[in-house]
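Structure, as structure tokens:
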Amino acid sequence: MGMEQESEVVAYVIHTFEDLAIPYLIGGSWALIVWAGPRFTHDIDIVVDLPLGLIPAFCARFPPDEFLIDAQAMRAQFRGPDSPSGGMYCKPV
């Protein structure tokens with residue numbers, strides 16, 4: 001895949017959501033860059049409505065040599081929206 005730029009990674013993730021018809025919302029600095037102005041930070045927050053049944057197909061789109069993504073951990077977090085994590089999945093870098 002060889003993505004060198006942040007924008008290439010963001011575009012790839014968005015393309016994956018759209019290709020799998022997964023609703024999403026972009027927040028964080030990336031959203032502010034579009035609606036407000038440049039920022040020093042470059043974080044991206046993504047809110048996604050990812051059905052449990054699509055987790056394997058979603059994760060398969062991200063080669064493990066380029067992305068840290070764990071389908072089993074994601075599935076466990078998404079099953080517990082009332083847990084302290086709020087059903088949030090975040091794979092540490």
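The values are calculated or read from the model by the stated rules, or taken from the named source; none is laboratory data. Computed from a predicted model, the values in this text were never measured in an experiment. Methodologically, a virtual Cβ is constructed for each residue, glycine included, from the backbone with ideal geometry; neighbour enumeration extends over all protein chains shown. The protein model used for the area step is the full one, side chains on, heavy atoms only, and it has no ligands, DNA or RNA in it. Shrake-Rupley method; radii C 1.70, N 1.55, O 1.52, S 1.80 Å.
Taking the conditions exactly as written (surrounded by 14 or more Cβ atoms within 10 Å (Cβ to Cβ), of a type in the set (Phe, Trp, Tyr) and at pLDDT below 90), does residue 67 satisfy them or not?
Yes, satisfied.
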*Those residues that are of a type in the set (Phe, Trp, Tyr) and either within 16 Å of residue 10 (Cβ to Cβ) or at pLDDT 75 or above (or both), I need them from segment 29-49; list them, please.*
30, 35
_Please determine whether any residue of segment 71-87 is at negative phi, of a type in the set (Ser, Thr, Tyr), modelled with pLDDT under 70 and open to solvent by 50 Å² or more (accessible area, probe 1.4 Å)._
no
*Taking the residues in segment 50-64 that are surrounded by 10 or more Cβ atoms within 10 Å (Cβ to Cβ) and over 20 Å from residue 6 (Cα atoms) as candidates, determine which candidate is modelled with the lowest pLDDT.*
50
